[in-house]
Amino acid sequence: MTIPSRAVLSAALIPVFDGHNDSLTREDHNRIARGRKGGHVDIPRMREGGMRGGIFALFTPSDKNGNGADPVDRDDGVFEFPLAEPVGQPAAAAYATGAAGRLLKLERKGHLSVARGVADLDNARDGDGPPVAVMHIEGAEAIDTDLDALDLWYEAGLRSLGIVWSRPNDFGHGVPFMSPASPNTGPGLTKRGKQLVLRCADRGVLVDVSHLNSKGFWDVAKLDEGPLVASHSGIHALCRSTRNLTNKQLDAIKASNGLVGIVFACPFLREDSANDADTPLERIVEHARYAADRIGVEHVALGSDFDGATIPNALKDAAGLPKLLDAFAEAGFTQDEIEAIAWHNWRRVFAAWWNES
């Protein structure tokens with residue numbers, strides 16, 4: 001199919017908000033402002049790729065992460081990594097505080113702005129100032145079980161929280177990395193986990209269901225405190241990884257006026273779940289198309305997992321985002337639809353959770 005030049009040029013000018021990166025916890029995080037040789041995200045590449053905003057995760061690693069350990073020995077054709085080891089609250093709080101300090105320093109130096117309301121998103125999209133970062137805790141281990149720390153984190157700029165990573169904590173249970181397999185892998189939210197969702201809704205912090213197992217997802221859905229948001233997930237019908245969303249989960253996201261941020265991680269895009277950077281860029285578009293056809297474009301967004309996963313070589317990093325938008329245009333998405341996927345859908349769910357809608 002020949003792409004009209006107007007579609008390509010228009011796509012290249014569309015501002016992008018990306019739903020997940022782990023750039024603050026890379027070893028070379030001190031080079032985010034001036035640029036670095038490795039990784040996927042820094043300020044120069046954000047500028048080059050039109051990435052005007054994103055969710056910046058504060059993630060505390062386990063001593064042995066599930067996706068860094070040796071796979072489980074199985075004879076049934078299922079590829080499985082063991083669950084990562086739990087992380088205690090003191091260690092997680094210390095690690096996340098350090099990462100948050102890096103983000104706030106970037107703001108103080110004028111390289112980024114930290115979003116504390118929807119106006120900050122709008123200013124980044126429409127203005128010529130620095131890009132905007134939404135502070136996000138990935139895995140709520142940094143929050144004490146009495147939830148007292150949540151108020152402190154909110155004042156520091158926290159506006160998004162993932163209850164779990166792929167390990168258990170006091171609030172819920174993450175999925176192990178398995179494929180082909182169902183995300184129905186264990187118990188749901190704990191009592192404290194449900195209280196955490198309620199407190200986040202009251203305070204104005206978006207709750208992210210990525211990495212939750214199936215029962216945890218449905219516990220969040222039943223609480224019905226805000227739109228269901230999976231910040232960086234794929235489509236289970238196309239890649240049967242535990243990290244991906246089933247059709248029933250997609251339908252629930254639509255019913256809640258939520259969204260799925262389509263992940264760029266190769267193992268969650270491919271039918272064979274291979275961690276192969278030669279994965280075609282079009283796999284991302286195929287996951288987005290499936291979700292758009294089933295639940296509507298207004299419930300689809302981008303959630304790369306930059307600096308936390310292997311992404312397609314054709315994209316390479318944040319500077320390559322215009323190539324992805326061009327692939328959306330080539331696949332038949334209109335400019336209005338691309339703009340919704342690239343920015344407006346994220347703005348809508350933030351406004352709802354931040355009590356500004």
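The values are calculated or read from the model by the stated rules, or taken from the named source; none is laboratory data. The structure presented is a predicted model; accordingly, all values stated were derived computationally and were not measured. Glycine also receives a Cβ, built like all others from the backbone with ideal geometry; neighbour counts cover every protein chain displayed. The protein model used for the area step is the full one, side chains on, heavy atoms only, and it has no ligands, DNA or RNA in it. Shrake-Rupley method; radii C 1.70, N 1.55, O 1.52, S 1.80 Å.
Within straight-line reach of Lys316, meaning a Cα separation under 17 Å, sit the following lysines at least 8 residues removed in sequence or on another chain: Lys37. Charged side chains reduced to their Cβ positions (Lys and Arg at +1, Asp and Glu at -1) give the chain a dipole of some 500 debye around its Cα centre. The 3J(HN,Hα) values that the Karplus relation (6.51, -1.76, 1.60; θ = phi - 60°) gives for the stretch 303-319 are, in residue order, x, 4, 6, 3, 6, x, 7, 7, 10, x, 4, 5, 8, 6, 6, 4, 5 Hz. Gly and Pro appear as x. Summary of the geometry: the stretch 143-160 and the stretch 300-357, compared by the centres of their Cα atoms, lie 28 Å apart. Equivalent-ellipsoid semi-axes for the stretch 181-329 (Cα gyration tensor, √(5λ), whole Å, largest first): 27, 16, 14.
When only alpha carbons of the stretch 96-207 are considered, Rg and Dmax amount to 16.0, 47 Å. When the scattering of the stretch 110-149 is computed by the Debye formula from its Cα atoms alone, each counted once and equally, what is log10 I(q)/I(0) at q = 0.35 Å⁻¹? With one equal scatterer per Cα and no solvent, log10 I(q)/I(0) is -1.15. For the stretch 22-132, taking the reciprocal of the average inverse distance between every pair of different Cα atoms yields a Kirkwood hydrodynamic radius of 16.2 Å.
How long are the three semi-axes of the equivalent ellipsoid of the stretch 131-187, in whole Å, if each is the root of 5 times an eigenvalue of the C-alpha gyration tensor, listed from largest down? Mind dumping the intermediate values first?
Numbers: eigenvalues 136, 47, 7 Å².
Semi-axes (√(5λ), whole Å): 26, 15, 6.
Note on the chain: helix-only mean residue ellipticity at 222 nm, from DSSP H runs of 4+ residues weighted -39500 (n - 2.57) and normalised by residue number, equals -10000 deg cm²/dmol. For the stretch 28-132, the carbon plus sulfur part of the accessible surface works out to 49%, probe radius 1.4 Å.
To check you understand DSSP bridge types, tell me what percent of the beta bridges within the chain (both residues inside) are antiparallel, rounded to 5. Roughly 10 percent of the beta bridges in the chain run antiparallel, per DSSP. In terms of overall dimensions, the chain has a Cα radius of gyration and Dmax of 18.6, 58 angstrom. Build a GNM of the chain with springs between Cα atoms under 10 Å apart, and of Asp120, Asp42, Asp336 the one that fluctuates most is Asp336.
Counting only residues at least eight positions apart within a chain, or on another chain, the lysines with an alpha carbon under 20 Å from that of Lys248 are Lys215, Lys222. When Phe79, Phe264 are compared by accessible surface with a 1.4 Å probe, the order from highest to lowest is Phe79, Phe264.
Per residue, how much accessible area does the chain have with a 1.4 Å probe, in Å²? Could the numbers behind the result be given before it?
On the way: 14210 Å² over 357 residues.
Per residue, the chain has an accessible area of 40 Å².
Among 232-243, 324-335, how do they line up from the highest to the lowest mean number of other beta-carbon atoms within 10 Å? Please report the intermediate quantities before stating the final value.
Numbers: 232-243: 24.7, 324-335: 19.9.
Listed from highest to lowest mean packing, they are 232-243, 324-335.
In the stretch 237-314, the ratio of gyration radius to Kirkwood radius, Rg to Rh, stands at 0.96 when only Cα atoms are counted.
Remind me, what semi-axes does the stretch 169-269 give for its equivalent ellipsoid, largest first in whole Å, using sqrt of 5 times each Cα gyration tensor eigenvalue?
22, 15, 11
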